[in-house]
Amino acid sequence: MRTFTRLSALAVMTLASGMVSAQSTKPGLWEISNRVSGNAEMDAAMAQMQQQMAAMPPEQRKMMEEMMARQGVSLPKAGAGGGMSMRICISPEMAARQEMPQQTEGDCTTSVTSRSANSMKVRFECKNPPSSGEGTYTFQGDTGYTMQMAMKTVRNGKTEAMNLNGQGKWLSADCGNIKPVR
């Protein structure tokens, strides 16, 4: 689960680090949804976590969901595709300065390898944990995108390959209780 969360966050930050160059971004609350595929171990871990959540007493499950929601993270219900979604806030000031959230963990570098009016190809490499990947973002104006990324990471000394498919959509000008990412 921790690896999935870190890779999902990396995908969000990879997008954010180059998104402004390809498109202007609408400030406010965004929902970013990602699903990892191509890694049986990751799929099994996500399914197990969903089963454990489903088996919790309702009060405990509600408490866990509320705790995650305060962090801007929500998990789909069992059978909903095994992905994860998170909400991030882009402040009006960040959007005006074309300043987006940056990846701060993992000693990562990201580069935009090509771009067009509605798409952008990126490549990233991280040192901790060792991981790399490349992908394509396709933008739907300033309020949405889809993303496909092929990634490799090292876990327990073994290289693992996986795919990350995602989408982002603007939800509201008001971020509610979610603070802008820095």
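The values are calculated or read from the model by the stated rules, or taken from the named source; none is laboratory data. What you are looking at is a predicted structure, and each value in this text was computed from that prediction instead of being measured. Glycine gets a Cβ as well: all are built from the backbone with ideal geometry, and neighbour counts include every protein chain shown.
Scan Leu29, Leu15, Leu7 and give me the residue that is at pLDDT 75 or above, buried (at least 16 other Cβ atoms within 10 Å of the Cβ) and aliphatic (A, V, I, L, M).
Leu29
Just name the residue that is modelled with the highest pLDDT out of those in the stretch 108-155 that are farther than 23 Å from Leu171 by Cβ and of a type in the set (Asp, Glu).
Glu134
Take the residues in the stretch 129-182 that are acidic (Asp, Glu) and assigned to a strand (DSSP E or B), then tell me which one is nearest to Gly38 (Cα to Cα).
Per the criteria, the residue is Glu160.
Any idea how many residues of the stretch 116-128 are part of a loop (DSSP other than H, G, I, E, B), of a type in the set (Gly, Ala, Ser) and touching a Phe, Trp or Tyr at 6+ places or on another chain (Cβ under 9 Å)?
Residues in the stretch 116-128 being part of a loop (DSSP other than H, G, I, E, B), of a type in the set (Gly, Ala, Ser) and touching a Phe, Trp or Tyr at 6+ places or on another chain (Cβ under 9 Å): 1 in total.
I'm told Asp174 meets every condition in (1) in contact with a Gly (Cβ under 9 Å, 6 or more places away or on another chain); (2) surrounded by 14 or more Cβ atoms within 10 Å (Cβ to Cβ); (3) within 25 Å of Glu93 (Cα to Cα) except one. Can you identify the failing condition by its number?
(2)
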